[in-house]
Amino acid sequence: MDWIRAHAWESWLVLGVVLTTAEMLTLDFTLLMLGLACGVGLVAALVGLPFWVQVIAALVSAVLLLGLLRPSLLRSVHRGEDLEVGPQALIGQSAQALTAVGPGVTGRVKIGGDEWSAIVEHDHLNIPAGSKVEVVAINGAKAVVRPVESAL
């Protein structure tokens, strides 16, 4: 403990760097706020304040950073739409019917650069080859499609 008091600014620096680096594993901004609070303790040590004042300054700044800055950072990071990946990202995409698709007839459509097996959305629809379609769902390995004209 005496070494820490004698080398207070180095201790605050090492602890701050360790916490800030560990933040990269959690991505929750908690450890980052604690690392920034260590920076306040570092500044207090460099100014020459007693060790107990450095600790109180770091604790108060940690509470303030966690309570005030972290929530707004989390909101700004989580703002926006969810990223759709995999087959679910194809829903709403335009496609072209490579073969006829109709009731009881599995056809082929081209979505982007990929070919998919396709079925129609409703049993009364017939989609001729070459028609523009919209993907409304993915059912296993088949795209469920409807003609673009009926997509309102």
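The values are calculated or read from the model by the stated rules, or taken from the named source; none is laboratory data. If you're wondering where the values come from, they're calculated on a predicted model, not measured in any experiment. With ideal geometry, Cβ positions are generated from the backbone for all residues, glycine too; neighbour counts draw on all protein chains shown.
When you look at Leu73, is it under 14 Å from Phe29 (Cβ atoms), modelled with pLDDT of 95 or more and surrounded by 11 or more Cβ atoms within 10 Å (Cβ to Cβ), yes or no? Considered against the rule, which asks whether it is under 14 Å from Phe29 (Cβ atoms), modelled with pLDDT of 95 or more and surrounded by 11 or more Cβ atoms within 10 Å (Cβ to Cβ), Leu73 comes out as no.
One residue alone among Ala89, Ala137 is part of a helix (DSSP H, G or I) and modelled with pLDDT under 95, and that residue is Ala89. The single condition among (1) surrounded by fewer than 13 Cβ atoms within 10 Å (Cβ to Cβ); (2) within 30 Å of Ala143 (Cα to Cα) that Ala95 does not meet is (1).
The residues of the stretch 116-152 that are acidic (Asp, Glu) and either within 29 Å of the chain's Cα centre (by Cα) or closer than 11 Å to Leu90 by Cα (or both) amount to a single one, Glu134. For the residues Leu90, Leu66, the requirement of being within 25 Å of the chain's Cα centre (by Cα) and within 30 Å of Trp12 (Cβ to Cβ) singles out Leu66. Within the stretch 19-58, work out how many residues are among the aliphatic types (A, V, I, L, M) and exposed (fewer than 13 other Cβ atoms within 10 Å of the Cβ). Of the residues in the stretch 19-58, 4 are among the aliphatic types (A, V, I, L, M) and exposed (fewer than 13 other Cβ atoms within 10 Å of the Cβ).
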